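Rule-based calculations on the coordinates, nothing more; no lab input. Just so we're clear, the structure is a prediction, and the values are computed from it rather than from any experiment. When we count neighbours, we look across all protein chains shown, and the Cβ atoms used for this are built from the backbone with ideal geometry, even at glycine.
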Amino acid sequence: MLQQRAEQRRRDDEDIAEMRQLLAEFSGQEVDDQFMETFSRGLAEETGALPPPHIVVDAIRESKSADPRKIGDAVRAHYRRPRPRPPMGPPPQPAVPAPA
């Protein structure tokens with residue numbers, strides 16, 4: 001369990017580093033802690049909660065912007081995309097009462 005958490009933390013840290021790089025690229029500014037705090041607050045207001053870092057990275061790439069509104073739109077679009085559904089089995093048969 002601790003190993004899984006450590007692995008998830010490592011992936012999140014890598015995603016956050018990539019997020020900083022993309023934000024710097026699209027904003028043309030240095031992305032310091034204050035920038036990240038302002039960005040995170042704006043994105044959380046836009047989406048209702050801060051999405052996982054890998055989804056934010058994908059949304060930044062898709063929107064090609066550092067604007068929390070545009071990134072929020074891409075986050076919402078991510079969650080609206082159709083997902084593969086598990087195959088449906090035959091419909092359940094009604095229970096037949098046992099003879100009395």
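So, R0 is 25 Å and r is the distance between the beta-carbons of ARG61 and MET1; what FRET efficiency does that work out to, to 0.05? Present the calculation step by step, with values, prior to reporting the outcome.
Values: r = 32 Å, r/R0 = 1.27.
Computed FRET efficiency for ARG61 and MET1 comes out at 0.20.
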Taking 0.36 nm per residue of separation and subtracting the Cα-Cα distance, what length does fully extending ALA17 through GLN93 add?
22.1 nm
Given 0.36 nm per residue, what is the gain on full extension from HIS78 to ALA49 after removing their alpha carbon distance, in nm?
9.0 nm
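Which value, in debye to the nearest 20, describes the size of the charge dipole of the chain about its Cα centre when Lys and Arg Cβ atoms bear +1, Asp and Glu Cβ atoms bear -1, and nothing else is charged?
The calculation lands at about 720 debye.
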In nm, to one decimal, how far is the modelled label at GLN8 from the one at GLU37, with both set 7 Å along Cα→Cβ?
2.6
Take the chain, connect every pair of alpha-carbon atoms lying under 10 Å apart with a spring to form a Gaussian network, then pick out the residue of PRO68, PRO52, PRO82 with the largest mean-square fluctuation.
PRO82
Placing +1 on each Lys and Arg Cβ and -1 on each Asp and Glu Cβ in the stretch 13-80, then taking the dipole about the Cα centre, the residue among GLN21, GLY42, VAL31 whose Cα reaches farthest towards the positive end is GLY42
Would you compute, from DSSP H runs of 4+ residues alone, the mean residue ellipticity of the chain at 222 nm, taking -39500 (n - 2.57) per run and dividing by the full residue count, rounded to the nearest 500?
-21500 deg cm²/dmol
